[in-house]
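All remarks here apply to the structure that follows.
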Amino acid sequence: MNISYRWLKDLIPGLSATPQQVAERLAMLGAPVDEVVDIGGPLRDIVIGRVISAEQHPNADRLRLCSVDAGTGEPLQVVCGAPNVTAGAYYPFAPVGASLPGGITIRKAKIRGSESQGMLCSARELGLGRDHEGILELHGDFEQGRSFIESTGLDDTRLVVDVTPNRPDLLSHIGVAREIAAAEGLSLQMPPAPGSEEPDGLNASAVGTDAYSVSTSGVSVRVEDPDLCPHYMAVVLRGVHVGPSPEWLAGRLRAIGLRPISNIVDATNYVLHELGHPMHAFDLDRLGSSVVVRRARPGERIRTLDDADRALTRDMLVIADGSRPVAVAGVMGGADTEVQDDTQNILLEIAVFDPASVRATRRALGLGTDASYRFERGVDPAGIAGAAARAVSLIRTVAGGTVEADVAFAGAAIPEPPTVRLRLARVAQILGVPLDAGTVTSYVQPLGFDVQTVDAGTLSVRAPGHRRFDVAREEDLIEEIARRHGYDEFPDELRPFRPSAVPTHPLFLLEDRLRALLVGRGLLEAHTAAFAPASAGDVELLLPLAATESRLRRSLVPGLLRRVESNFARGARSIRLFEIGTTFAPADDGGVPRETTRLAVACTGQRTPPHWSAEPAAFDIWDLKALAGDIAATLGLSVEPGGDGPDIEPGLSFRLAARHDETHGGGAGRDGSDGSAAGPAGITHGYAGRVRATGIDAPAWADEVWVLEVELPQDGGEHGAVTFEDLPQHPAIERDLALLVGAQQPAAQVGATIRAAGGALLEAVDAFDVYSGSGVPEGMRSIAWRLRFRAADRTLTDTEVDGVIRKVLVRLKEELGVEQRA
């Protein structure tokens with residue numbers, strides 16, 4: 001939101017804070033200022049010039065020789081190529097030696113044989129817009145040679161305020177001024193428009209009725225879809241004179257980055273940025289006497305003000321005359337009924353449209369405007385009458401005309417804003433400092449809240465209309481109190497507190513164990529935003545911060561891959577990232593979305609930091625499997641082949657699943673757990689694998705990228721208490737077995753069967769060698785296993801161990817067809 005500092009000073013008499021101080025104050029109030037722009041600074045050398053004469057250049061068809069009075073006492077000759085220069089008109093003039101934005105310095109020059117002693121400037125050359133077709137003509141009475149920025153009100157500073165979606169009241173100068181005035185202890189005023197001889201006023205007695213079809217002032221208004229347009233007001237003005245805006249109005253719009261168009265359009269834009277309420281002016285004679293607010297019909301089209309022909313769909317709300325759409329409701333007007341130079345009568349529309357409908361229409365048409373930006377966030381219906389009165393007063397001041405006595409208002413009665421019950425004890429509990437009723441009242445009353453005392457510890461607070469969208473609960477009101485108290489005023493020392501009797505949630509403890517595990521393996525924790533594009537999420541946001549982040553994510557991996565890409569772009573090669581975060585899915589009953597806590601990992605690059613003692617090796621599938629195994633053991637899961645995830649290579653992947661019990665050959669953990677906490681056996685809880693080349697934008701020098709994502713149990717899983725065991729007192733016996741295993745048979749299955757057959761004496765099983773070649777049948781491989789046996793109460797004999805070995809070999813033969821290699 002662009003805010004003019006001079007505009008703020010008009011609304012807050014007595015404001016003495018500098019623009020920088022205002023920016024700092026807004027930041028402390030929760031509305032940070034991204035930029036403070038000195039608009040007039042680069043234009044200090046520009047003066048007002050009056051063209052005395054403009055004649056054809058003798059040596060160039062497209063150039064003109066102008067005689068310019070710049071207040072120096074003698075006319076200056078200027079060569080100009082703009083077609084709109086006329087004698088007697090005023091223009092911004094850059095004399096010799098003047099500097100323009102961008103560092104250009106004006107010097108004397110000969111152009112096609114004629115000397116030029118300065119330059120008449122366009123809006124683009126002054127940094128005031130993109131219009132480069134002609135010189136910027138100034139309208140009004142000016143003094144030649146006087147400062148351009150002082151004459152046009154551009155000795156101003158622009159504050160670029162970052163407004164969050166929940167604060168639509170700050171999308172206006174009056175909203176920002178309200179915050180600053182309350183913080184500085186000053187009062188607000190609404191000054192009359194320069195040249196206005198009458199106060200704002202309008203016969204809005206019809207406001208508050210509950211009728212969706214009305215006729216007045218020769219115009220009928222009918223709202224066919226009140227859910228999408230609950231309030232619609234139409235004001236008729238006749239006998240207006242369309243022309244350029246006076247310079248005070250044009251300069252004020254330029255100060256906030258807008259291009260002046262005409263006095264009627266500029267007046268509506270002025271009120272939009274002053275009060276935050278969008279409005280639109282139709283040429284009444286081109287519109288006709290009928291206004292219908294309805295959904296578009298199949299096959300209807302409209303040419304909008306940006307001169308684009310747009311197809312409409314049934315779910316779009318339009319403003320129509322008796323037969324055709326003339327505006328896209330809440331987004332943009334149509335070209336057929338726009339105000340033109342010959343317009344004499346206008347219909348001024350001030351309405352409230354459903355935010356979700358405007359958002360959907362804007363996205364479908366790819367058309368964002370200042371109006372849609374505000375309607376999407378919520379416009380105060382109680383402000384309709386005031387905005388209409390302000391606009392009528394301004395239009396009559398700059399364009400003349402008379403207003404019809406009666407106003408056409410169709411729609412429901414204006415709803416009352418919410419009333420909140422505020423407990424002072426709750427304020428102290430949340431903020432940590434006690435605040436009495438008088439202090440609380442002094443904080444919120446200047447913002448427009450109406451405070452009534454219920455009892456000694458309770459207040460009844462009614463929100464003003466402009467805050468009806470974000471203050472509906474006690475906590476919302478306490479946030480307002482905290483802002484006004486000042487976040488920097490709260491004590492920063494450690495205060496007395498009572499430890500909670502509520503134990504830490506098991507899920508948080510599990511997250512801490514996983515963090516310790518992954519940090520110990522050399523990974524860094526990342527935190528990515530939960531917002532995602534439409535392709536990566538199923539839950540749509542009501543107030544998205546950007547069109548490219550309109551959903552809540554369904555997975556953590558895409559966000560981590562974007563972080564990997566960002567590291568690639570900065571030359572990083574070895575990357576180890578993990579994230580513990582929330583993903584979202586639509587609720588089955590259409591209610592609150594389901595939230596799931598997940599863990600995701602992304603790794604690429606070298607397995608270990610470079611060192612002279614070993615050749616570098618890239619992170620590969622076995623490293624991923626080892627990491628997945630550690631994570632699975634922590635979660636009570638098993639790692640199995642055949643994982644399936646988005647953008648994952650099918651042949652290079654695993655799945656993390658609930659463990660099978662020993663009788664099914666899946667094997668239990670070394671602690672004997674069957675993994676029942678993870679759910680029914682075999683259910684997949686996550687995946688791990690290599691990312692397809694199409695799944696990430698990686699440079700040619702990058703290594704393969706490996707990812708893992710797994711769902712965490714919401715109850716933290718079942719983890720028994722850690723118990724102490726004495727070190728073994730008796731020696732172990734180790735035996736090596738070379739087994740012939742099919743090339744496609746999982747080694748994990750063989751290991752699980754060995755563990756199941758080995759019984760209580762088998763302490764450990766490890767595969768330590770794989771061989772294929774001479775002496776091994778085709779389609780087979782030889783895997784060497786080391787088995788360690790031990791008894792807790794005695795030293796084992798060879799006879800006992802040989803008996804277990806025979807049992808293992810028999811079971812391998814019967815269940816898997818695996819035999820010992822000769």
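Working from the alpha-carbon coordinates of the stretch 463-609, get Rg over Rh, Rh being the Kirkwood radius.
Result: Rg/Rh = 1.06.
To the nearest µm²/s, what D does Stokes-Einstein give for the stretch 1-105 at 37 °C and 0.692 mPa s, using the Kirkwood radius over alpha carbon pairs as Rh?
191 µm²/s
So what's the angle, to the nearest 10 degrees on a 0 to 90 scale, between helix 173-184 and the longest Cα principal axis of the chain?
Tilt relative to the chain: about 80 degrees.
What is the pair-distance distribution P(r) of the stretch 309-366, computed from all Cα-Cα distances in 5 Å bins starting at 0, with each bin given as a whole percent?
4, 16, 28, 24, 17, 8, 4, 0
Scan the chain and hand back the longest stretch that contains none of the GluC sites (Glu not before Pro) lying in DSSP loops with at most 13 other Cβ atoms within 10 Å.
Values: sites that count: 133, 143, 197, 493, 718, 725, 778.
Formally, the longest exposed-site-free interval is 198-492.
Rounded to whole Å and sorted largest first, what semi-axes of the equivalent ellipsoid does the C-alpha gyration tensor of the stretch 68-179 yield via the square root of 5 times each eigenvalue?
Semi-axes, largest first: 35, 16, 13 Å.
With unit charges on the beta carbon (Lys/Arg positive, Asp/Glu negative), name the residue among 773, 136, 152 whose Cα is farthest towards the positive pole of the charge dipole of the chain.
773
Using alpha carbons only, how many angstrom separate the centre of the stretch 466-543 from the centre of the stretch 248-301?
Between the Cα centres of the stretch 466-543 and the stretch 248-301 lies a distance of 41 Å.
Would you grab the residues whose amide H sits under 5 Å from the one on residue 353? Only those 5+ places off in sequence or on another chain, please, with H modelled 1.01 Å from N.
Long-range HN contacts for residue 353: none found.
Tell me what the chain gives for mean residue ellipticity at 222 nm when only DSSP H runs of n ≥ 4 count, each as -39,500 (n - 2.57), the sum divided by the residue total, rounded to 500 deg cm²/dmol.
It comes out at -7000 deg cm²/dmol, rounded to the nearest 500.
Can you tell me the Rg and the Dmax, both Å, for the Cα atoms in the stretch 713-794?
Rg and Dmax of the stretch 713-794, Cα atoms, are 17.3, 53 Å.
Which number do you get for Rg(Cα) / (2.2 N^0.38 Å) in the stretch 553-643?
So the stretch 553-643 has a normalised radius of gyration of 1.37.
Note down the Stokes-Einstein diffusion coefficient of the stretch 235-366 in µm²/s, whole number, using a Kirkwood radius over alpha carbon pairs, 4 °C, and 1.567 mPa s.
84 µm²/s
Binning every alpha carbon pair distance of the stretch 303-459 at 10 Å from zero, what are the percents per bin?
Over the stretch 303-459, the share of Cα pairs per 10 Å bin runs 8, 26, 26, 18, 13, 8, 1 percent.
How big is Rg to Rh over the stretch 5-65, alpha-carbon atoms, Rh as the Kirkwood inverse-mean-distance radius?
In the stretch 5-65, Rg relative to Rh is 1.34.
For the chain, report the accessible area per residue in Å² (1.4 Å probe, heavy atoms, rounded to an integer).
48 Å²
What whole-number distance in Å separates the alpha-carbon centres of the stretch 342-386 and the stretch 51-68?
46 Å
Using only C-alpha atoms and all pairs of different ones, pull out the Kirkwood radius for the stretch 381-422 in Å with one decimal.
Hydrodynamic radius (Kirkwood, Cα only) of the stretch 381-422 equals 12.9 Å.
What's the carbon and sulfur percent of the chain's accessible surface, probe 1.4 angstrom, rounded to a whole number?
49 percent
Which order do peptides 460-469, 585-594, 308-317 fall in by mean Cβ count within 10 Å, highest first? Display every interim value, and only then the final one.
Numbers: 460-469: 20.7, 585-594: 10.5, 308-317: 16.3.
Per-residue Cβ counts within 10 Å, averaged per peptide and sorted highest first, yield 460-469, 308-317, 585-594.
Where does the stretch 375-496 land on Rg/Rh, using Cα atoms and the Kirkwood Rh?
Across the stretch 375-496, the Cα-based Rg/Rh ratio is 1.14.
Which whole-number percent is the relative contact order of the chain (Cα, under 8 Å, 6+ apart)? Mind showing how you got there, number by number?
Values: 1676 pairs, mean separation 68.0, N = 822.
Averaging sequence separation for qualifying contacts and normalising by length gives 8 percent for the chain.
Whole number please: convex hull volume per residue of the Cα set in the stretch 411-483, in Å³?
Convex hull of Cα atoms, per residue: 82 Å³.
If I model the stretch 507-555 as equal point scatterers sitting on the Cα atoms and use the Debye formula, what is log10 I(q)/I(0) at q = 0.13, 0.25, 0.26, 0.33 Å⁻¹?
The calculated log intensity ratios at q = 0.13, 0.25, 0.26, 0.33 Å⁻¹ are -0.47, -0.80, -0.83, -1.14.
Could you work out, for the stretch 139-281, what percent of all Cα-Cα pairs fall into each 5 Å distance bin, beginning at 0 Å and stopping at the bin that holds the largest distance?
Result returned by the calculation: 2, 7, 12, 17, 18, 16, 13, 9, 4, 2, 1, 0.
Under the rule of at least 5 residues apart or a separate chain, name every residue whose amide H is placed under 5 Å from the amide H of residue 111.
Correct list: 116.
Rounded to the nearest angstrom and ordered from largest down, what semi-axes does the equivalent ellipsoid of the chain get from its C-alpha gyration tensor (root of 5λ)?
Numbers: eigenvalues 1007, 236, 152 Å².
That gives 71, 34, 28 Å for the three semi-axes.
Could you tell me which of 240, 218, 270 has its Cα farthest along the dipole of the stretch 218-280 towards the positive end, charges placed at Cβ (Lys, Arg +1; Asp, Glu -1), taken about the Cα centre?
240
I'd like the per residue volume of the convex hull spanned by the Cα atoms of the stretch 205-311, given in cubic angstrom.
155 Å³
The values are calculated or read from the model by the stated rules, or taken from the named source; none is laboratory data. Predicted model, so just to flag it, every value in this text is computed and none were measured. Ideal geometry is used to build each Cβ from the backbone, glycine not excepted, and the neighbour counts take in all protein chains shown. Ligands, DNA and RNA are stripped out before the accessible areas are found, and what is left, the full protein with its side chains, is counted by its heavy atoms. Shrake-Rupley method; radii C 1.70, N 1.55, O 1.52, S 1.80 Å.
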